[in-house]
Amino acid sequence: MSYDKNIRQCPRDVFSEYLAKHHKRRTPERFAILDSAMSTPDHFTIESFHDKLESEGFHVSLATIYSTLELLVDCGLVRRHRFGSDSARYERTAGSANHHHLVCSRCGKVKEVRDASLSEAISAIRYPGFAASYFSLNIYGLCRACQKRERKAGQTSRKVNKNNQTLSTIRNRKK
């Protein structure tokens, strides 16, 4: 794996303790999924994660991935997000600071951003009777590529309208 051994050791210990506490088996497949999740810096879907494992030569069923990711979410090593109507996306929590997500409502692209002043403001809020462990902020809009496509589509529709108006003018003159 490409990430630091110290970072890898801690999540392995956490997961091992969680599995023992909950009387779950500590299988090589579960730890391979953990290692792969901890080495994935970006958000991932179960399908893309399965493809990644397959490309690395590790064959594991989708059911095993689903159940193991649920365990990783439950023990706090992985976080599940739902951005709009897309399927769930996952991200590791180990070695990850609070961040916000810019979510394109057209293509579904997710970009992580960090804003220290916003993080400080949110962290400073105290909720009576509630101990916050992390927060997630999702900002929805259009990414740069979708904005560009939209502008281009708008120019194309204006050209089509202009051409239709020109045809209409020509037809009216012939009458």
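The values are calculated or read from the model by the stated rules, or taken from the named source; none is laboratory data. A quick note: this is a predicted structure, and the numbers were derived from the prediction, not measured. Glycine also receives a Cβ, built like all others from the backbone with ideal geometry; neighbour counts cover every protein chain displayed.
General remarks:
- Test for Ala145: is it among the small types (Gly, Ala, Ser) and without any contact (Cβ under 8 Å) to a residue 12 or more places away in the chain: no
- Residue satisfying all of: in the range 76-90; crowded, with 18+ Cβ neighbours inside 10 Å and modelled with pLDDT of 90 or more; farthest from Val110 (Cα to Cα) among these: Leu77
- Leading residue by the ranking (modelled with the lowest pLDDT) among those in the range 97-133 that are in a loop (DSSP other than H, G, I, E, B) and in contact with a strand residue (DSSP E or B) (Cβ under 8 Å, 6 or more places away or on another chain): His99
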